[in-house]
Each structure stands twice: as C-alpha cells, then as structure tokens.
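Any read-out appearing in this document is the output of simple, stated calculations on the displayed coordinates, not a laboratory observation. In this text the structure is predicted, and so the values were computed from the model without any measurement. Neighbour counts are summed over all protein chains in view; Cβ atoms, including those assigned to glycine, are modelled from backbone coordinates with ideal geometry.
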Amino acid sequence: MNIGVIGAGYVGLVTGTCFAEFGLNVTCVDMNEGKVNLLQKGIVPFYEPGLEELMRKNINEGRLQFSGNTADTIRKSEVIFIAVGTPSLEDGSADLSYVDSVAKTIAENLHNYKVIVTKSTVPVGTGERIRDIIKNINSNCEFDIVSNPEFLREGSAVEDFMRPDRIVIGSASERASSIVRDLYRPLYIIETPFIMTDIETAEMIKYASNVFLAAKISFINEMANLCEKVGANVQVVAKAMGLDKRIGSKFLHAGPGFGGSCFPKDVRALMQIGESHGYDFKIARSVIEVNITQKNHMITKIEHALRGAGGKTLGVLGLAFKPNTNDIRESPAIHIIEGLIDIGASVRVYDPAAMDDAKAVLGNKVTYCNDAYDVANNADAIILVTEWNQFRNLQLDRLKGLLKHPVFIDLRNVYEPDRMRKNGFDYYSVGRS
C-alpha cells in the first residue's frame with residue numbers, strides 16, 4: 001500500500017519512517033526544500049534517538065522517500081496522513097491554516113477514493129471542517145476522513161510508535177477504519193489495544209490525555225512547594241501515591257514545570273475549545289497558572305539559595321525542556337536563564353543536544369560551554385535543570401573543585417541530599433529538605 005504523509009516535521013517524519021518499517025511504501029512531503037534535501041540524504045533535522053538510523057535503513061531498502069511535490073504524492077497514495085503543525089494563536093486556539101491548506105490541495109488532486117487521516121493535534125470538529133473544505137472544492141470524488149491522533153513522546157518517539165499503549169482510530173466509515181487499522185497490522189502480535197470510535201471522540205482523546213498528564217505535573221509541583229513548607233519529602237509522597245494503581249507513578253516527578261511543543265499548547269487549546277462552547281475549563285486554566293508560577297518559583301529558589309543572584313556567575317546544566325531532545329520550546333531552562341539574566345546574573349550553559357537551538361533564542365546573553373565541568377569552572381553555583389543521563393553521575397569532587405562556592409541547586413531531584421552534603425555541597429532541591 002502507498003502512504004503519503006504531508007508534513008515532514010516531528011510527527012510526520014516519525015510516522016512515515018515507522019510505517020515504512022512496517023513494510024509500507026511511504027512518501028513524506030514537505031514544502032521546505034532545504035528540509036527535503038536533508039531528508040533525502042538521510043539526515044534528520046532534529047534530535048530524536050534512533051530515528052535517523054531507522055530512516056536511513058528504510059530509504060536504502062526503497063520503502064521511504066521524500067518529496068516537495070504534494071499534488072503528485074496525493075494522486076499516487078491510497079492513504080494520506082495530514083501531519084502539519086497546529087501552533088497556538090494569540091487566544092490559545094489551534095491555528096488550522098496549514099491543515100486547511102492541505103485539505104484544499106487534497107481536494108484539487110482527488111481523482112479516486114482516498115482515506116484522509118489527521119495525525120496533527122486538532123480541535124474537535126476539524127474532521128468535519130476538512131470534509132467540508134474538500135466537498136466544496138471537489139464534490140464528485142469519494143473519500144473518508146479518519147482521526148488517528150499521535151501519542152509520541154519526544155526522546156522516545158520510535159519506541160512509542162512501535163510499542164504504543166493504544167491506537168485510536170475515529171471514523172464514521174467502517175471501510176476507512178478497516179484500512180487504517182490494517183496499516184498497524186504488525187502491532188497485533190503484541191496485542192496493542194485499538195480504540196475504534198467516532199471522529200469527534202478521537203479528536204478529544206488527544207487533548208484529554210495531554211491535559212491530564214500536564215495536570216499531574218502541576219499537582220506534584222504544588223505538593224513539592226507545600227512539602228518544603230511543612231518539612232515533608234515530595235519524592236516519598238510521590239512514590240507512595242504512584243503505588244496506588246488508581247493514580248500510577250508516571251508524571252509525578254517534581255521539578256521546574258513542563259514545557260515542549262505539546263503540553264502548553266494543548267492545555268491552552270482545550271481551554272479555548274471550552275470557551276468556544278460556553279464552558280470554563282477551570283482545571284486546565286489552573287494547570288497553566290501553576291506551571292508559570294513554578295518556573296518563577298525556581299528563580300526565587302535560586303536567589304534564596306545564593307542570598308541574591310545579581311552579580312554572580314551561575315552554571316546551568318540543560319537547555320532542552322526534557323532529556324533526549326533538542327526542543328527548547330517553552331523550556332523551563334530557558335525561562336529560568338532569562339529570569340536570572342534579568343536580575344543581573346552571568347550565566348554559563350551546556351546541553352548535549354540543544355546548544356544550537358538555544359543560541360537562536362539566547363544569543364550572546366550567556367556563555368556556551370563544552371561540558372558540565374566547563375560550566376562549573378569559576379561559577380558561584382551549578383544549577384541542574386534538565387536531567388540528561390550524563391548529568392546523573394557527575395564527578396562530584398572534580399565539580400566542587402571547579403566551583404568558586406560548592407553550591408548545587410538540583411531542580412530535578414537527581415541527587416540524594418545526604419550524599420551531596422557529605423561531599424561538601426550546599427545542596428538545594430525541589431520539595432525535599
């Protein structure tokens with residue numbers, strides 16, 4: 001079967017590559033000529049473990065190709081995945097202009113039956129919106145719309161596609177649902193659950209999932225702040241909570257707040273969906289407020305630990321919003337660094353993958369270093385913001401010898417307080433004494 005994936009960004013490229021690994025013939029289309037040229041050479045334009053190797057394998061085996069010709073790809077594909085961006089507008093709603101543009105191009109090149117699948121994260125009603133756009137332009141051709149939301153985590157996207165928790169397929173057509181379900185046939189052997197539903201429910205599942213996870217993060221961060229005030233240990237609280245099967249342990253890790261391309265955008269979008277239907281989604285609103293407050297609270301924590309950060313040199317470990325990605329969108333690290341600069345601190349930074357991306361945002365406001373020890377050199381304190389594996393087992397004696405003052409501020413609770421203090425550090429973490 002021939003598959004067309006329109007949009008070769010994060011979701012589109014992972015989707016196309018993994019479907020090719022399933023044995024399908026896939027063409028990924030993108031309007032950015034420079035990106036297409038890189039992809040044709042087997043180069044992934046972002047950091048995602050395992051993706052480049054898998055992509056090159058499937059290019060070499062002839063199942064995966066890249067093109068800038070959307071019309072040609074639509075005509076030769078039996079299933080067309082829409083995987084373009086849906087960034088936030090000023091009011092928090094999803095910008096559907098790219099989706100609309102793709103729908104128009106599909107309509108103009110639709111000459112036989114196609115299954116059109118939305119992979120992009122879109123608000124409820126987008127499936128019908130796409131249908132209306134196509135029908136208004138090309139009323140004679142037969143097609144079906146399917147919603148097949150993605151649940152890919154940056155840093156583990158290939159594994160998430162190959163071994164998913166569930167596959168959601170929403171459609172009013174049994175024919176289309178069967179075709180899309182058949183694309184995932186290799187997952188039957190690992191007994192992946194399939195949720196077969198209508199389009200509107202499938203569209204809502206994506207938002208409901210992400211906003212709930214964001215709410216868990218905001219909740220445990222609020223608990224961490226309260227634990228600090230009463231002398232409790234948030235890690236033990238979270239562990240005990242997580243052992244309750246009704247709650248689960250994932251996303252109960254206190255820290256500087258969430259970031260990235262999904263959670264902030266999707267929480268705002270769900271709020272706007274509610275508002276457009278006359279409903280105030282109070283929990284979503286609180287999640288955003290808590291997350292902003294948490295990032296600012298980290299700056300205050302650093303100031304208190306140093307008895308003022310102005311005029312001091314601070315080393316920051318981590319720039320990406322999470323490990324195993326170069327994504328700095330709404331990263332707590334960037335917010336914290338900018339806040340520290342605003343109060344007069346000099347900042348030295350290092351990240352294994354996000355340095356180039358950070359330079360585009362921070363410019364010459366910070367000093368870019370070669371590794372964690374270069375960051376610590378002659379700094380007044382070290383601040384761990386993104387928990388990359390290489391930051392989890394630092395040579396503490398070496399680090400302490402490089403710092404002007406042995407101050408370690410651990411915003412991800414990577415290290416044990418007793419161990420750090422025994423090693424001579426003034427140690428500060430989140431939600432622990």
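The spread of Cα positions in the stretch 2-197, taken along each principal axis and listed from longest to shortest, comes to 42, 40, 38 Å. Charging the Cβ of each Asp and Glu at -1 and of each Lys and Arg at +1, and nothing else, the dipole of the stretch 235-428 about its Cα centre rounds to 440 debye. Note on the chain: dipole from Cβ charges, positive end direction compared against LEU226, ALA354, PRO45; the farthest Cα belongs to LEU226. For the stretch 235-428, the square roots a ≥ b ≥ c of the C-alpha gyration tensor eigenvalues yield an a/c of 1.5 or more together with a/b exceeding b/c, which makes the shape prolate.
Shape of the stretch 162-211 from the C-alpha gyration tensor: oblate (a/c of 1.5 or more and a/b not above b/c, with a ≥ b ≥ c the square roots of its eigenvalues). The distance between label points at ASP132 and SER276 comes to 1.0 nm (points 7 Å beyond Cα on the Cα→Cβ vector). Model label sites at ASP426 and ARG166, defined 7 Å from Cα along the beta-carbon direction, differ in position by 4.9 nm. Between the stretch 336-373 and the stretch 36-113, what's the alpha-carbon centroid distance in Å? Rounded to whole Å, the Cα centres lie 33 Å apart.
Extension gain for the segment THR192 to LEU89, taken as residue separation times 0.36 nm less the Cα-Cα distance, is 33.6 nm to one decimal.
Taking a straight Cα-Cα cut-off under 13 Å and skipping sequence neighbours fewer than 8 places away in the same chain, the aspartates and glutamates within cross-link reach of LYS135 are ASP100, GLU108, ASP144. D by Stokes-Einstein for the chain, Kirkwood Rh over Cα pairs, 25 °C, 0.890 mPa s: 105 µm²/s. For LYS104 and GLN390, what does the FRET efficiency come to when R0 = 41 Å and r is the distance between their Cβ atoms, rounded to the nearest 0.05? It comes to 0.30.
Karplus-derived 3J(HN,Hα) values for the stretch 46-58, using 6.51 cos²θ - 1.76 cosθ + 1.60 with θ = phi - 60°, are 8, 8, 8, x, x, 6, 4, 4, 5, 5, 4, 4, 6 Hz; glycine and proline are entered as x. Between LYS404 and SER156, the FRET efficiency estimated from the beta carbon spacing at R0 = 41 angstrom works out to 0.65. Between GLU61 and ASP182, full extension at 0.36 nm per residue minus the direct alpha carbon distance yields a gain of 41.4 nm. Only Lys, Arg, Asp and Glu carry charge here, each on its Cβ (+1 for the first two, -1 for the last two); on that basis the chain has a dipole of about 1020 debye about its Cα centre. Summing charges over all other residues whose Cβ lies under 15 Å from the Cβ of LEU54, with Lys and Arg as +1 and Asp and Glu as -1, gives -3. Over 22 Å between Cα atoms: which of LYS322/LYS359; LYS312/LYS404; LYS216/LYS295; LYS229/LYS301; LYS119/LYS216; LYS206/LYS322 fall into that group? Pairs exceeding the cut-off: LYS119/LYS216.
Full extension of the chain between ARG175 and ASN370 yields a length gain of 64.7 nm, computed as 0.36 nm times the residue separation minus the alpha carbon distance. In the chain, the DSSP-assigned H stretches of four residues or longer account for a calculated mean residue ellipticity at 222 nm of -13500 deg cm²/dmol, using -39500 (n - 2.57) per stretch and the full residue count as denominator. With the charge dipole of the stretch 38-126 set up from +1 on Lys and Arg Cβ and -1 on Asp and Glu Cβ about the Cα centre, the Cα lying farthest toward the positive end among the listed residues GLY68, SER101, TYR113 is that of TYR113. Inter-label distance, ILE341 to CYS141: 4.8 nm, where each label sits 7 Å from its Cα along the C-beta direction.
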